[in-house]
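The structure appears right after this line, and notes come after that.
The values are calculated or read from the model by the stated rules, or taken from the named source; none is laboratory data. Quick caveat, the model's predicted, so the values are computed rather than measured. Every residue, glycine as well, gets a Cβ built from its backbone with ideal geometry; the counts of neighbours run over all protein chains shown. Ligands, DNA and RNA are stripped out before the accessible areas are found, and what is left, the full protein with its side chains, is counted by its heavy atoms. Shrake-Rupley method; radii C 1.70, N 1.55, O 1.52, S 1.80 Å.
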Amino acid sequence: MEALVLYEEISQLLTLEGVVQKKGRRPVQSDLGCVENACMVVNADDNLIVWTGKGTDLPETYKNLAHRFSGKGQVWIPELVECHTHLIYGGTRHHDFALRCEGQTYQQIAAAGGGILTTMNATREAPPELLLEQAAKDLARFQKFGIGTLEIKTGYGLTLESELRALEVIRALSDQAAMILVPTFLPAHATPPEYKGRTDSYVDLICAEWLPEVAKTGLAKFFDVFVEDGYFSPQQAHKLFLCALDHGLKLKLHSDQFTSLGGTKLGIELGAFSIDHLDHISKEDIRAFGESNTVAVLLPGASLFTGTPYPPARALIDAGARVALSTDYNPGTCPSRNLPLMTTIACTQMKMTVPEAIAAVTYNAAAALDLEDRVGSLIAGKEFRVCTLDTDSYEALPYCFGELE
Ligand code: NIG
Ligand code: FE
């Protein structure tokens, strides 16, 4: 019993027990497991939750624990999970934004040599120490917004050497951060200039040489592809995915951001853990999501920042899809690390309810990373990872307009 710690008098605590039972589908208020005047018992040795519930139901054995702290006046929700970022990059993209404000589209700017390739050049030139320093600053900012688990994609190097360098930076960050970091290999983010007009050859190179090499290092958990007009086709993604699966990587996909090409159907069929963006998803694919375990990751900040339509969150949730929210933090389409603000946008612009938004940045975001057994809920057996709000209700999270205290 030595290692047990009791947290008592927590004014309000969300366990998300019902959300866990429903695997994140159609979450309603009662699924949040909202407990007033709650207690939590934690094993300090392994940092796992031992018991959580109403103070009046606290079992006799835990009542006299010596290590105890009060959570009076606090709201406890699971630490937030950020399941889609492009956090390793050099340079800036202020000018892309200025051009968009003059009427140019994301695709037009990219076709003229801007977009992802601007960041690729700056990233290739950046010394690893600088990438590490900038990324560490970004992580500190994410932490301020209540985030404890975060996914990071490569995709701004686009040579084997620079993609590996990005994965090594993520590993170095993991070693020094209190956060759980999840690395994703995204070489098919854009065709690098060396392969201009030869995207099929680039895909072959990734399959023949890069994936085996990256798999050998063990530095990546997921493999992602940007399926979009002017980037990669569903056929190219199919080839890449089969190869990534062969090398033991799990799948993620950027799909239906600006156009609907058929990537989503492929991702669901191949059991991707998440398919992200979905701003232009077809009705048929919305139905397919309802019957799959693949998480639909919606990125309202990218829509806001590029001035493009929001994804159909209501239709997806009503169809039974598991819906997560994320910033998509990257220099081109969403330079914000403010995940709570994304919940505000999702509620007001995409008509999500507060319980849906809370589930979307906790349990469902954890499911998008295959981590829902560890984080995203506050029930016995899960990690003691809490986001503490100095307010009177969890409803403050989307309400606070990103100004989380
Ligand atoms: O998720 N869509 C592709 N990738 C990023 C944008 C990357 C960039 O423009 O630098 C996104 O929006
Ligand atoms: Fe993205």
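Below is a table of values for the structure above.
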quantity: Of all residues making up region 139-169, the number that are in a helix (DSSP H, G or I) and either over 17 Å from Ile116 (Cβ atoms) or of a type in the set (D, E, K, R) (or both); calculated: 14
quantity: Residue ID - nearest to Ser174 (Cα to Cα), chosen from residues in region 239-261 that are of a type outside the set (A, V, I, L, M, F, W, C) and out of contact with any Asp or Glu (no Cβ under 9 Å at 6 or more places or on another chain); calculated: Gly248
quantity: Failed condition for Ala288, given (1) away from ligand 1 (no atom under 16 Å from the Cβ); (2) of a type in the set (Gly, Ala, Ser); (3) crowded, with 24+ Cβ neighbours inside 10 Å; calculated: (3)
quantity: Residues of region 60-84 that turn out to be out of contact with any helix residue (DSSP H, G or I) (no Cβ under 8 Å at 6 or more places or on another chain) and closer than 29 Å to Pro331 by Cβ, as a count; calculated: 1
quantity: From Leu261, Leu266, Leu249, Leu242, residue being touching a residue at least 40 places away in the same chain (Cβ under 8 Å) and either out of contact with any Lys or Arg (no Cβ under 9 Å at 6 or more places or on another chain) or not aromatic (Phe, Trp, Tyr) (or both); calculated: Leu249
quantity: Members of region 298-322 that are within 16 Å of Thr348 (Cα to Cα) and aliphatic (A, V, I, L, M); calculated: Leu298, Leu299, Ala302, Leu304, Ala313, Ala315, Ile317
quantity: Region 110-141: number of residues that are touching a His at 6+ places or on another chain (Cβ under 9 Å) and modelled with pLDDT of 95 or more; calculated: 4
quantity: Test: residue in region 133-142 that is surrounded by fewer than 16 Cβ atoms within 10 Å (Cβ to Cβ) and of a type in the set (Lys, Arg); calculated: yes
quantity: Members of region 258-278 that are open to solvent by less than 20 Å² (accessible area, probe 1.4 Å), under 15 Å from Asp229 (Cβ atoms) and more than 16 Å from the chain's Cα centre (by Cα); calculated: Gly263, Thr264
quantity: Any hit, region 207-225, residues being of a type in the set (Phe, Trp, Tyr), open to solvent by 10 Å² or more (accessible area, probe 1.4 Å) and in a helix (DSSP H, G or I); calculated: yes
quantity: Filtered residue count, region 308-321, keeping only those that are open to solvent by 10 Å² or more (accessible area, probe 1.4 Å) and away from ligand 1 (no atom under 13 Å from the Cβ); calculated: 7
quantity: Of residues in region 334-351 being within 24 Å of Ala140 (Cα to Cα) and open to solvent by 10 Å² or more (accessible area, probe 1.4 Å), the one nearest to ligand 1 (Cβ to nearest atom); calculated: Pro335
quantity: Unique residue being out of contact with any Cys (no Cβ under 7 Å at 6 or more places or on another chain) and farther than 23 Å from Thr308 by Cα when the list is Ala360, Ala366, Ala346; calculated: Ala366
quantity: Extreme residue, nearest to ligand 1 (Cβ to nearest atom), among residues of region 295-307 that are open to solvent by 30 Å² or more (accessible area, probe 1.4 Å) and hydrophobic (A, V, I, L, M, F, W, C); calculated: Phe305
quantity: Region 1-31, residues that are under 20 Å from Cys347 (Cβ atoms) and in contact with a Gly (Cβ under 7 Å, 6 or more places away or on another chain); calculated: Leu14, Leu16, Gly18, Arg25, Arg26, Ser30, Asp31
quantity: Some residue of region 56-74 being farther than 30 Å from Leu251 by Cβ and under 28 Å from the mean Cα position of the chain (by Cα); calculated: yes
quantity: Inter-residue pairs, beta-carbon under 9 Å, first under 15 Å from Glu82 (Cβ atoms) and aromatic (Phe, Trp, Tyr) and in region 346-375, second assigned to a helix (DSSP H, G or I) and open to solvent by less than 20 Å² (accessible area, probe 1.4 Å), 6+ apart; calculated: Tyr363/Val19
quantity: Identity of the residue in region 275-291, farther than 20 Å from Phe258 by Cβ and in contact with an Asp or Glu (Cβ under 9 Å, 6 or more places away or on another chain), that ends up farthest from ligand 2 (Cβ to nearest atom); calculated: Gly290
quantity: Failed criterion for Thr191 (all others in (1) over 24 Å from Ala296 (Cα atoms); (2) of a type in the set (Ser, Thr, Tyr); (3) within 16 Å of ligand 2 (Cβ to nearest atom) hold); calculated: (3)
quantity: Entirely in region 228-309, the helices (runs of 4 or more DSSP H) that have 1 or more residues that are under 18 Å from Ala188 (Cβ atoms) and touching a Pro at 6+ places or on another chain (Cβ under 7 Å); calculated: 263-269
quantity: Checklist (1) buried (at least 22 other Cβ atoms within 10 Å of the Cβ); (2) assigned to a loop (DSSP other than H, G, I, E, B); (3) not small (Gly, Ala, Ser) applied to Asp370, failing item; calculated: (1)
